[in-house]
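Only one structure is covered here, and it is reproduced in the block below.
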Amino acid sequence: MIQQTKISLRNTGSIDPLSIDDYIAAGGFQAFEKALRQDPGQVISELESSGLRGRGGGGFPAGMKVKFTDKADRPFDGMKYVVCNADEGEPGTYKDRVIMEQDPHIMIEGMLIAAYAIQAQKGYIYIRGEYIDSIRKVEQALKNSYDKGYLGKDIKGSDFSLDLEVRLGAGSYLCGEELTLLESLEGKRGYPRIKPPFPANEGVFRKPTLINNVETFALMPWIISEGSEAFKAMGTEKSPGTKIFTISGDIEKPGYYEVVMGTTLRELIELAGGMKDGADFQAAILGGAAGTFVNASVLDTPMGFDTLKEVGATLGSGAVMVMDPSRSLYDMMASILDFFAHESCGKCVPCRVGTTLLVNMWKDVRQRRNGNRTEMLEKMEEEAEYMQETSLCPLGGSPIIPIRSAVQYFKNEF
Amino acid sequence: MSTQEILRKYLPQRDQMLLMLHEIQQHNPGNNITPADIRQVAEYLNTTSASVYGVVRYYSMFSMAPRGKFVIRFCKSPLCRMVGAFNVLKSLEKELSIHMGETTSDMLFTLEPSECLGHCDKAPVMMVNDQVYFHLDEARLQEIISQIREQELKKQQS
């Protein structure tokens, strides 16, 4: 059986999350101090050559983001920002919460490394308002870091300074999308921005901004201390390193597991104790609501961004929801479509109207017991594709993902 | 703490608005944000009431309607629904004699829907103010609710 490979979760369970001394004793901040002795350009190339890809779901090369933000012209006030996206809301996902609740300092260290690389002076950690425990722990970890001289002015005798602040969301899935998050951070409604410009050039307050997910930042200290080659030695060619999967549903030991990229769904389920009560595997949803339904044919596909894409599936945020044969795929799809209808912000008409339309079309599919159900599914695909093409942000483009996969893998079941 | 006192803790910058609104709401006895609060925030930030109102109404954690002392956020995400959240919800509605979105007549509980709360390994889940409750079923719900009721009754008597 495969084992966990803990990088971003390496201290979880073994240290007191609120104690910076514990974190330091476990080797914490050594990577940042190593980075501090290097040229920022060196840090950037290390992150870039590691092949690290964004762990929030998009999978964009994290090193390239760092490079773009570094290359962006410094505005008149000289400000560049680093922002941590801790607005975890993708259904089935709770990896960022685990990091923040069990080892908040590791995320801060990752942000320090990234901020040093782009010479940012200011940063924010945007945490969803419902994550009360995360908020409290991150606030305490920030205070600890200031007290120990890891944040503030002239950090550890260098001329590098960084201030970090916590900002809170207030119940909006959409704000997990990076440009919408920046709007919210500025104290506005969470409406998506038109891109380009991308955050690297015009982010928070329209200043160059490096924005990454909690898990992405939490991987950076290891990459700096162990080197990009060591990171690339794990995982798949195009998705190096480790990934935290949060697996739930009909399995024996639901929870969070950090494994190397390329681990198969079968191996992951086995690691999580196997199917509950020895039931058969019917389906899994990979990547959350904006994820894909897959059947048993995907059990042995290595899970990486590209390898899953090749079979019409997604890695997304690493959420895995497992269903045994007693579960209704209809109900699952209905709840996913309800979710999008509820979370659509209403700015783009195709998404506002389309998300509700899909909910109703799905009811229609369900009522047609025989015959032209396939036709209805095709119509839904068409509507969802149109939404994807005509919406500003990824939410409008999300319903097509589960719908297409359901048609691909379960056409005969509906 | 009055709204003015809360506001003065923050810099008069727009990007502080969500933090202010969270704190104002927390201090109001009705767990809500009133039109008077909105005017004061707008004045403090030198912006229009309409723009503050737009923010308050956009985010689901903010409420203008007065709410109960205990706000229940009931997770209705796909995974919670899969393991029976809606059945649990029915018994919760029965226990409180209200429907989703309503407040009990004694102003003790408000029942709100919530998207994924990020505890899917222990589904179904709900939050009651700052506290998360896991593995919900009918018996567990009754226990949670009656515990809160008793505790409130004791507070009133003492």
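Bear in mind that the values in this text are calculations on the coordinates, not laboratory data. Just so it is clear, the structure is predicted and the values come from calculations on it, not from any experiment. Counting neighbours? That spans all protein chains shown, and the Cβs are built from the backbone with ideal geometry, glycine included.
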Using Cα-Cα distances under 8 Å and only pairs 6 or more residues apart, what relative contact order does region B:70-157 have, in percent?
35 percent
For region A:20-232 the mean separation of alpha carbon contacts under 8 Å (6+ apart) over residue count, i.e. relative contact order in percent, is 32 percent
Output the Cα-based Rg and Dmax of region B:3-58 in Å, rounding Rg to one decimal and Dmax to a whole number.
9.9, 26
Percent of alpha carbon pairs in region B:70-157 separated by more than 20 Å?
27 percent
Compactness summary of chain A: radius of gyration and Dmax from Cα atoms, Å, are 21.4, 74
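Would you work out the relative contact order for chain A, in percent, from Cα pairs under 8 angstrom that are 6 or more residues apart? Kindly include the intermediate steps, with their values, before the conclusion.
On the way: 845 pairs, mean separation 72.5, N = 414.
Across chain A, relative contact order equals 18 percent.
Looking at chain B, I'd like the Rg to Rh ratio, where Rg is from alpha-carbon atoms and Rh is Kirkwood's inverse mean 1/r. Don't skip to the answer; put the middle values down first.
Values: Rg = 17.5 Å, Rh = 17.0 Å.
For chain B, the value is 1.03.
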Equivalent-ellipsoid semi-axes (√(5λ), Cα gyration tensor) for region A:242-323, whole Å, largest first?
18, 13, 11
proj_area_mean for region A:20-232 (convex hull on C-alpha atoms), units nm², value 10.9 nm²
For chain B: lysine pairs under 16 Å (alpha-carbon distance), excluding those fewer than 8 apart on one chain
4
Taking H as built 1.01 Å from N, whose amide H comes closer than 5 Å to the amide H of residue A:166, not counting residues under 5 places away?
A:125
Can you compute the modelled spin-label distance between residue A:382 and residue B:108, with each label point 7 Å from Cα toward Cβ, in nm?
5.5 nm
As a test of the formula, what do you get for chain B when each DSSP H run with n ≥ 4 contributes -39,500 (n - 2.57) and the sum is divided by the residue count, at 222 nm and rounded to the nearest 500 deg cm²/dmol?
-14000 deg cm²/dmol
Under 5 Å from the placed amide H of residue A:82, counting only residues 5+ away or on other chains, we find A:122, A:123, A:124, A:210
Distance-filtered residues of region B:129-146 - backbone nitrogen under 13 Å, label point 7 angstrom along residue A:133 Cα→Cβ:
B:130-135
Give the percent of DSSP beta bridges with both residues in the protein assembly as shown that are antiparallel, rounded to the nearest 5.
50 percent
Fewest to most neighbouring Cβ within 10 Å: what's the order for B:34, A:69?
B:34, A:69
Once you have the alpha carbon radius of gyration of region A:329-409, what is it after dividing by 2.2 N^0.38 Å, with N set to its residue count?
1.01
Expected 222 nm ellipticity per residue - DSSP helices of 4 or more, -39500 (n - 2.57), all of chain A, to 500:
-13000 deg cm²/dmol
Per-residue ³J(HN,Hα) for region A:266-272, Karplus 6.51 cos²θ - 1.76 cosθ + 1.60, θ = phi - 60°, Hz, x for Gly and Pro:
4, 5, 5, 4, 5, 4, 8
